[in-house]
Amino acid sequence: MFSITVRDHLMIAHSFRGEVFGPAQRLHGATYLVDATFRRVELDADNIVVDIGLATQELKEVVGEFTYRNLDDEPDFAGINTSTEFLAKVIADRLAARVQAGKLGEGARGLAGITVTLHESHIAWASYERAL
């Protein structure tokens, strides 16, 4: 399996509901380093996994939909605990939709999967992996 990874970052505010979250139930900020890894079994006709420039651009656009926002105020997330794991899935799913729409080029249609990892710090991160 071949892969490439592109990176961006994300700064949000949010709060959680539930005793398990302790003080994070209060409004707080989070800054994530975001890695999106694109995988395929065989390289495309140009011997690449995906166009790195397009992958970087599309990740930036997806991440930009959340940056500097309080996710508690976003209608898409009403009543949802926007955990790191949950956000990794949302970003992966939105990237997958862009692949299917052709925004990463025709060669990207041969991708096998995407993994999105959100690094909360140098010692904690969460990922979501999905097939395409």
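Data table
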{"item": "Only listed residue being without any contact (Cβ under 8 Å) to a residue 24 or more places away in the chain, within 16 Å of the chain's Cα centre (by Cα) and open to solvent by 60 Å² or more (accessible area, probe 1.4 Å), chosen from ALA101, ALA131", "result": "ALA131"}
{"item": "Region 1-59: number of residues that are outside any helix (DSSP H, G or I), open to solvent by 50 Å² or more (accessible area, probe 1.4 Å) and either farther than 24 Å from ALA108 by Cβ or of a type outside the set (D, E, K, R) (or both)", "result": "18"}
{"item": "Residues satisfying the stated conditions in region 88-123, i.e. part of a strand (DSSP E or B), farther than 15 Å from ILE48 by Cα and not hydrophobic (A, V, I, L, M, F, W, C)", "result": "THR115, THR117, HIS119"}
{"item": "Scope region 60-76; condition assigned to a loop (DSSP other than H, G, I, E, B) and either touching a residue at least 40 places away in the same chain (Cβ under 8 Å) or of a type in the set (A, V, I, L, M) (or both); matching residues", "result": "PHE66, THR67, TYR68"}
{"item": "Residue in region 21-33 that is within 12 Å of the chain's Cα centre (by Cα) and either under 27 Å from LEU132 (Cβ atoms) or among the small types (Gly, Ala, Ser) (or both) present", "result": "yes"}
{"item": "Residues of region 77-98 that turn out to be over 18 Å from ALA13 (Cα atoms) and without any contact (Cβ under 8 Å) to a residue 12 or more places away in the chain, as a count", "result": "1"}
{"item": "Residue within region 75-98 that is farther than 21 Å from SER127 by Cα, at pLDDT below 95 and either crowded, with 19+ Cβ neighbours inside 10 Å or charged (D, E, K, R) (or both) present", "result": "no"}
{"item": "Candidate set: region 107-128, residues that are of a type in the set (Val, Ile, Thr) and within 17 Å of LEU59 (Cβ to Cβ); chosen: the one surrounded by the fewest Cβ atoms within 10 Å (Cβ to Cβ)", "result": "THR115"}
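The values are calculated or read from the model by the stated rules, or taken from the named source; none is laboratory data. Note that the structure is predicted; figures quoted are calculated from it, not measured. Quick reminder, even Gly has a Cβ in these numbers, built from the backbone with ideal geometry, and neighbours come from all protein chains shown. To get the accessible areas, we keep the full protein, side chains included, count just its heavy atoms, and leave off ligands, DNA and RNA. Shrake-Rupley method; radii C 1.70, N 1.55, O 1.52, S 1.80 Å.
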